[in-house]
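One structure is given here, and the rest of the page talks about it.
The values are calculated or read from the model by the stated rules, or taken from the named source; none is laboratory data. Remember, predicted model here, so these are calculated numbers, not experimental data. Cβ placement follows ideal geometry from the backbone for every residue including glycine, while neighbour counts extend to all protein chains displayed. Please note that ligands, DNA and RNA were not included when accessible areas were found on the heavy atoms of the full protein model with its side chains. Shrake-Rupley method; radii C 1.70, N 1.55, O 1.52, S 1.80 Å.
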Amino acid sequence: MKIYDAENHILGRFASIIAKSLLKGEKIVIVNSEKAVLSGNPESKVEFYFERIRRGDPIHGPFFPKQPNEILRRTVRGMLPWDRTKGREAFKNLKVYVGVPEEFKNKTFEKIAVADASRLKTKYITLEEISFAVGGKK
């Protein structure tokens, strides 16, 4: 089982690497999901996620999550072959948490160098800020 820290990682690059690892059969835990970063204009990113939530019928769906851990899970799910058995089985091996749970406090977390957002020169917004903007609870 691998434990990744999503803090200061670009969401799309991070999720694509996680999806490839899941398809190889690895069990993955992601902590600090609320600190993942989306690069680009913050207002347009909020509008993009807001439209995903407003899309469809409130009773029949489609439903889109508002919590940061569920947004990250949904992003990874979009990179898996969800319509096939191997994609659904791989998705079951993913656990995503907001913050760091007690059971993982003393463990070492892995980072992904390709997805590191510390060298970003553009504007960005975190998943926590997007979640609050679209109506997620604290």
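Structural remarks
- Approximate spin-label separation Ser44-Val114, in nm, with each point projected 7 Å along Cα-to-Cβ: 2.4 nm
- Set of aspartates and glutamates with alpha-carbon distance to Lys66 below 15 Å, sequence-local pairs under 8 removed: Glu34, Glu47, Glu51, Glu128, Glu129
- Relative contact order computed over the chain (Cα-Cα under 8 Å; 6+ residues apart), in percent: 41 percent
- The mean accessible area for residues of the chain, using a 1.4 Å probe and ignoring ligands and nucleic acids, is 60 Å² per residue.
- When the C-alpha to C-alpha distance is required to be over 30 Å, the pairs from Lys20/Lys121; Lys20/Lys107; Lys27/Lys121; Lys86/Lys123; Lys92/Lys137; Lys95/Lys137 that qualify are Lys27/Lys121; Lys86/Lys123.
- Computed from label points 7 Å out along Cα-Cβ, the spacing between Asn106 and Arg13 is 3.4 nm.
- Selected from Val100, Val31, Val76 as most flexible by GNM, with the chain as the system and alpha-carbon contacts under 10 Å: Val100
- Nearest-10 value in Å² for the accessible area of Phe50, using the 1.4 Å probe: 70 Å²
- Size-normalised alpha-carbon gyration radius of the chain, reference 2.2 N^0.38 Å: 1.04
- By accessible area, using a 1.4 Å probe on protein heavy atoms only, region 1-106 has 49% of its surface on carbon and sulfur.
- Mean residue ellipticity, 222 nm, helices only, the chain: the sum of -39500 (n - 2.57) across DSSP H runs of n ≥ 4, divided by residue count and rounded to 500, is -11000 deg cm²/dmol.
- Highest mobility in the GNM of the chain, judged by mean-square fluctuation with C-alpha springs under 10 Å and restricted to Lys20, Lys35, Lys107, is found for Lys107.
- FRET E, pair Thr85, Phe63, Förster distance 30 Å, beta-carbon r, rounded to 0.05: 0.85
- Share antiparallel - DSSP beta bridges, the chain, percent rounded to 5: 35 percent
- Cα gyration tensor, region 82-138 - rounded (a/c under 1.5), prolate or oblate: rounded
- Of the three principal axes defined by the Cα atoms of region 16-72, the extents in descending order read 35, 30, 17 Å.
- When nucleic acids and ligands are ignored and a 1.4 Å probe is applied, Arg74 ends up with an accessible area of around 80 Å².
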